[in-house]
1. So what's the net charge close to residue 57: Lys and Arg +1, Asp and Glu -1, counting the other residues with Cβ under 13 Å from its Cβ?
2. Got a sec to turn the phi values of segment 20-37 into Karplus ³J(HN,Hα) couplings, 6.51 cos²θ - 1.76 cosθ + 1.60 with θ = phi - 60°, whole Hz, x for Gly and Pro?
3. For segment 16-60, what's the relative contact order in percent, using C-alpha pairs closer than 8 Å and at least 6 residues apart?
4. Return, for the Cα atoms of the chain, the radius of gyration and Dmax in Å, separated by a comma.
5. Would you tally the net charge around residue 4, using a Cβ to Cβ cut-off of less than 14 Å, leaving residue 4 out, and scoring K and R as +1, D and E as -1?
Amino acid sequence: MTVTGMQLQEYLAGLDYPVSREDLVRWGQENGAGTELLQMLRALPAGQFDDPAELHEALGTLA
């Protein structure tokens, strides 16, 4: 996927942690995220992300 770190920061700015995968998808939808970014968020493992570093690590495994 070709979603950049800058795009992620733009769409996920202002999130309150911890956050679930479902929360991330909903946040992206409400903030105008594109299809590719939403697909990436949906591909994350189910569960909760306690901070931005944990989310970033999970996103890094999707390559």
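1. Result for the local shell: -3.
2. 8, 4, 5, 4, 4, 4, 4, 4, x, 4, 5, 10, x, 5, x, 4, 5, 5
3. The value is 51 percent.
4. 10.3, 26
5. Details: positive: none; negative: 10, 36.
Net of charged neighbours comes to -2.
Bear in mind that the values in this text are calculations on the coordinates, not laboratory data. Since the structure is predicted, the reported quantities are computational estimates derived from the model, not experimental observations. Here the Cβ is made from the backbone with ideal geometry for all residues, glycine too, and neighbour counts use every protein chain on show.
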